[in-house]
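What follows is calculated from the coordinates using simple rules that are stated; it is not laboratory data. Note that this is a predicted model, so its numbers are computed, not measured. Heads up, the Cβs are rebuilt from the backbone with ideal geometry, glycines too, and the neighbour counts pull from every protein chain shown.
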């Protein structure tokens, strides 16, 4: 009997020990799973003169803390519960020697469940970190944008104004001892990409020392100088207030000279740019659609809309710059993303007379074909197709990645709900002139200028059109979009349409948006 009781007690203790051991094993397994729950599946770097973007992508949301440290300048990102895998480590080799802002990246385990990224800067900069919810082809993303402290666009505007002052008075404002004044009516958000000054040279990436000692990274002081507040972005509408529009002068009177009408030419100025009666050249802003994280539509043979549109935009700029009385500016000159409202800001700050957004259409039916031209509509889309396209193009910010932390007054007052009937009418005239010329070199998908609520066309004082050059989803038209001869015909037709528009529509006087 005693032996039986001892046997029962042994079994009871054995079961209890087994249960405790099982709980310990399960607890350790759960802790291990939690610590390695988030696996980075992609790491990308987008260097540009405007700004450099670093993107990490994973299956789960990121938890992070950013600190900015000086002497030397660097940004520290502490990311929780992320596995330090080869994809994360690959960031060190993705930084180019030509990157204007980032010198190198150092990566190591900071604590048991924290991976630390130290971004060494070439100069003092303005970083912004934020999170993006899944959208399109992307999962959860953590984005770090590194902007310059001095805005390249405003430097270019100042240089332009100094040149104008020199042309008019023979003495630049800098020679008089005063800094050149920036003649712009819009306060530019320095957190947004700005105009390209020159393209970055292509260089081979340099290894930034992925085997750097872990202790060097762990010892980084993390006293925050400026900490960006994390923000999640979801596809929601942004309510904004209406802008107050102050129009200086109306369209120039018909008796004023038109730069595209024949005039006696001064032989001494034959090879110099012709300046119109408004005291400046005609400026045309060309926007290559999509870019960077946002590839746009894809063709059956792998062509990406962002690549095709950039090639066409550069060719069109070259053609326009060859004209004696016009010059073109690009919203982007490389493979990086610009928010839709940032494209409008660029055009307005360069005092553009026209805005052309270049795209390549796509549809679920590969048989869809032809070119189209679109303008803004205040009263809804002119067709179901136009409404569908506007919705698709307006999703670019969600895919490309925009921080909603930056709710600047320019976005609130300029982008939405503006009274711009006169500008829309001029956009329709421009669109009709361009569409008529494109119809000579390609089938037209729609024989009239369609209208819809395209965010990228919402400039209050610049006639703006969106050109769908062809359907990249159509195999035949995809081949044409990649053909040099077709590209040349296309840009020539667009330029001819622009000239035809200006022949009967003198450049509009500038409109001022009141920000107070």
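With a Förster radius of 41 Å, plug the Cβ-Cβ distance of residue 318 and residue 83 into 1/(1 + (r/R0)^6) and report the FRET value to the nearest 0.05.
The calculated FRET efficiency here is 0.30.
Need the full-extension length gain, residue 20 to residue 112, defined as separation in residues times 0.36 nm minus the C-alpha distance. One decimal, nm. List each step's numbers first, then the result.
Working: separation 92, 0.36 × 92 = 33.12 nm, distance 2.54 nm.
Full-extension gain reported as 30.6 nm.
Run the Debye formula on the Cα coordinates of the range 55-113, all scatterers equal and no solvent, and tell me log10 I(q)/I(0) at q = 0.27, 0.29 1/Å.
After summing over all Cα pairs, the log10 values are -1.39, -1.43.
For residue 139 and residue 447, compute 0.36 nm times the residue count separating them, minus their Cα-Cα distance, and round to one decimal in nm.
Working: separation 308, 0.36 × 308 = 110.88 nm, distance 3.92 nm.
Once the chain is fully extended between residue 139 and residue 447, it gains 107.0 nm.
Sorted by average packing, counted as other Cβ atoms within 10 angstrom per residue and highest first, what order do 63-71, 440-448 take?
63-71, 440-448
Suppose the chain between residue 503 and residue 301 were pulled fully straight at 0.36 nm per residue; how much longer would it get relative to their current alpha carbon spacing?
Using 0.36 nm per residue and subtracting the Cα-Cα distance, I get 68.7 nm.
For residue 325 paired with residue 364, estimate the spin-label separation in nm (one decimal), with each label point 7 Å from Cα along the Cα-to-Cβ line.
4.9
Give the peptides 142-150, 363-371 in descending order of average Cβ contacts within 10 Å, highest first.
Ranked from most to least packed, the peptides come out as 142-150, 363-371.
Could you rank the peptides 462-473, 315-326 by their average count of other C-beta atoms within 10 Å per residue, with the highest value first?
On the way: 462-473: 26.9, 315-326: 17.4.
The densest-packed peptide leads the list: 462-473, 315-326.
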